[in-house]
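The values are calculated or read from the model by the stated rules, or taken from the named source; none is laboratory data. Quick caveat: nothing in here was measured; it's all calculated off a predicted structure. A quick note on method: Cβ atoms are made from the backbone with ideal geometry, for glycine too, and the neighbour counts reach across all protein chains shown. Areas reflect the complete protein model, heavy atoms only, side chains present, ligands, DNA and RNA absent. Shrake-Rupley method; radii C 1.70, N 1.55, O 1.52, S 1.80 Å.
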Amino acid sequence: MNMKRIFKHLFMLCLFGMISIGAKAYGEYDFSAVNSDGQTIYYKITSTTNFTCEVTRDYSNKYSGVVNIPSSVTYNNNNYTVTSIGNSAFSYCQNLTKVTIPNTINSIGESAFSGCDKLTEFALTASVKTIGKSAFSNCTQLTSIEGANCVTTIGDGAFDYCSKLTSSPIGQWVETIGENAFYHCDALTNVNLSNNVHTIKFHAFNHCYGLTSVTIPSSVTSIGNNPFYNCINLANITVEKGNPKYHSDSNSSAIIETSTNTLISGCKNTIIPTYVKTIGEDAFALLSTLTSITIPTSVTEIGVRAFAYTGLTSINIPNSVKTIKESAFNNCNELREVTLPNSIKEIAYGLFMDCKKVEKLNIPNSVTSIGNSAFKSCGGYYSWLTWDPDIPSSVTSIGDDAFRGTGDVTLNSIPTWESGTFKFVDRIKLKLNDSEHPFVASDADYSDEMDVTYSRTLAADTWGTIVLPFVPDASSLAKVKLYALSSASSGVVRFKEVEADAVQAGVPYLFKNVSGQDDFTLTASKTTITTNLVEQTPVNGMMLQGVYQQQKFTGDDTVYGISGNKFLTTTGTMTINPFHAYLKSVASGAKEILIDDEIDGIEDIKNFTPALSQGEGVNLQGIHVGKGYNGIVIINGKKYLNK
């Protein structure tokens, strides 16, 4: 044999090998046989010891018409019993109209008949115990399953989107009903659960619009998240007496877990009992027919999506509630008025997202953080109807997209937030004052433009200190005269006036209220803010330092705060409020203040409690005074205020 023929022979062997392996991997069958009707059926061997096999398929040849499966088949002189319909055996055989199975079949595999949209009915035999995951999924013309009395397990999604299924295939021996087992079985009007059922999994009857009444037998000991999710016409839910784990009151129409008093499934007529502590995950979700509900003061927690997509128009949450979890009220499209309790600290992710008709919603002072998308697209359904959120100063952090697409957002402090937090809001309004505001680190993103208002109470023609995270408009700067520290020497501290166009954000100033009012405001439109305090350079050991967070100094006689036109230090505790400043000196003692080289209304720097010896100083009447005297004292030609 020459080399050319050798290579040709090897090539043909490889080619035949590839075809054989490819067919086996693709079709997943071991052999095929023609049934009594002349139709080819494909099989996979499941046991070579017991000689059993299951029906499978060749994916290049789909089954069609009527298929009659035999109870046994011969292969290689061995008789194999057909015991199961394999995974995906008939899936998406869209010309399949009917299948008959023998009484040797004990299980229907995963997705066995999924997508067979011409299959209208199916008869099980008494031998079938298990209907696998998605076994009849998307059999949209299937109206009935006969002979299901001996089935014990209905798998996850077994009949999902069987929208014309009218009779329940839940026989008397069913023990487990899987997740979303009857999802979107819209025509299903009745579910008879026997006393052999012990497990009903997550959303088992999701979107079964035809259900109006359900009874949970006393045998059920495990129920997943709301098994009747989005059963909008369900009006009554009853748990049989004697159930060891769940119960329902005579008028509650709900499933309640007895040990935790958690309401796990409700309906449009549910009345929440006054002992319920937790409203569980998805408990009322997607009930567009639920338009009102009263939450009793026993409730402390509302679970994830508990009322999402419901038809609620208003909700009043009592102060007993400490936790409201993610998306609890998202997409409540008819919700207009919300009262949140002063007991919650967090507005969770997506809590009121897409509640587009909200007109009134309070954010209580107890809240410290607002999660991502918490109020995204909340309000603003009509051009003339917008919710303008007012964020209290207690809030220290705001998540991404939290207020995206809302009306005018009012901030009463400067929390940290993400760059997308305020996308597409009408306007950001920031209101600041002298209270104990939280102010965050300099790495936060404050690039959003906003309208800022700073309010201050200070008697007219009185001196104070100020540092702001924005530059006020020139018109509002006319209400004050600002002065910057210019020099310090020999106990004299000098300040020079700063022109309006030279004012900087984050720089501390001495100022005088020349507005003629005891209350004044400084404003800026469409500006940005900065959390950075401009670093100050000491001038001959003296420095004016601003603060954005309240600071307290105890027993530090080198720190001076302004009070009543005086810079004073103390041996006690001194508090410097946000947006104020203090003088810091390397050495204690009285210092003279000069404004533009003249003394102008502000007196010397004083001590609250100078150490006086008996007879050390004289008062304004020239009488010698000492320790214990309260008033102005002259010592070595300088005036001091002793308290």
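To the nearest 0.05, how large is the calculated FRET efficiency for SER525 and THR289 if R₀ is 60 Å and r is the Cβ-Cβ distance?
The calculated FRET efficiency here is 0.80.
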Notebook entry, point to check: Hey, with R₀ at 35 Å, roughly what FRET efficiency would SER213 and ASN333 work out to, going by the Cβ-Cβ distance, to 0.05?
Noted result: 0.80
Next item on the list: Give the long-range amide H neighbours of GLU592: residues separated by 5 or more places, or on another chain, with amide H under 5 Å away, using H modelled in the peptide plane at 1.01 Å from N.
Entry: VAL492, VAL493, ILE605
Margin query: Based on alpha-carbon atoms only, what is the radius of gyration of the range 446-522 relative to the globular estimate 2.2 N^0.38 Å?
Written below: 1.17
Next item on the list: Could you look at the range 128-248 and say what percent of its accessible area is carbon and sulfur, using a 1.4 Å probe and all protein chains?
Entry: 45
Notebook entry, point to check: Can you give the Kirkwood hydrodynamic radius for the range 126-193, in Å, rounded to one decimal and based on Cα pairs?
Noted result: 11.5
Checklist line | Accessible surface ranking that places the most exposed of HIS198, HIS580 first, with a 1.4 angstrom probe | finding: HIS198, HIS580
Next item on the list: Among the listed pairs LYS431/LYS526; LYS496/LYS591; LYS357/LYS526; LYS431/LYS552, give every one whose C-alpha distance is greater than 21 Å.
Entry: LYS357/LYS526; LYS431/LYS552
Note to self: For TYR582, what accessible surface area do you get with a 1.4 Å probe? Give it in Å², rounded to 10.
What the structure shows: 30
Next item on the list: May I ask which of LYS325/LYS429; LYS481/LYS584; LYS512/LYS584; LYS277/LYS325; LYS479/LYS512; LYS245/LYS277 have a Cα-Cα span longer than 18 Å here?
Entry: LYS325/LYS429; LYS481/LYS584; LYS512/LYS584
Item checked: Most positive-pole-ward Cα, PHE352, ILE293, TYR309, against dipole of the range 276-404 from beta carbon charges -> ILE293
Notebook entry, point to check: What is the diffusion coefficient of the range 477-599 in µm²/s, taking the Kirkwood radius over Cα pairs and the Stokes-Einstein relation at 37 °C with a viscosity of 0.692 mPa s?
Noted result: 212
Notebook entry, point to check: Counting Lys and Arg as +1 and Asp and Glu as -1, each charge on the Cβ, what is the dipole of the range 156-286 about the Cα centre in debye, to the nearest 20?
Noted result: 240
Checklist line | 32 Å Cα-Cα threshold exceeded, pairs from LYS322/LYS356; LYS164/LYS201; LYS201/LYS322; LYS62/LYS164 | finding: none
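Give the calculated FRET efficiency between SER435 and SER259 to the nearest 0.05, with a Förster radius of 45 Å applied to their Cβ-Cβ distance.
Calculated transfer efficiency: 0.50.
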Next item on the list: Would you kindly find the accessible area of LYS44, with a 1.4 Å probe and non-protein molecules such as ligands, DNA and RNA excluded, rounding to the nearest 10 Å²?
Entry: 70
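So, for the range 430-581, what is the accessible surface per residue at a probe of 1.4 Å, expressed in square angstrom?
43
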Margin query: On a full-extension model of 0.36 nm per residue, what is the gain between THR537 and THR221, subtracting their alpha-carbon distance, rounded to one decimal in nm?
Written below: 106.6 nm
Next item on the list: Might you work out the accessible area of CYS332 for me, using a 1.4 Å probe with all protein chains in place, and round it to the nearest 10 Å²?
Entry: 0
Margin query: Leaving out ligands and nucleic acids, and using a 1.4 Å probe, what accessible area per residue does the range 203-294 come to in Å²?
Written below: 35
Check: In terms of solvent-accessible area of protein heavy atoms at a 1.4 angstrom probe, what is the ranking of LYS566, LYS245, highest value first?
Finding: LYS245, LYS566
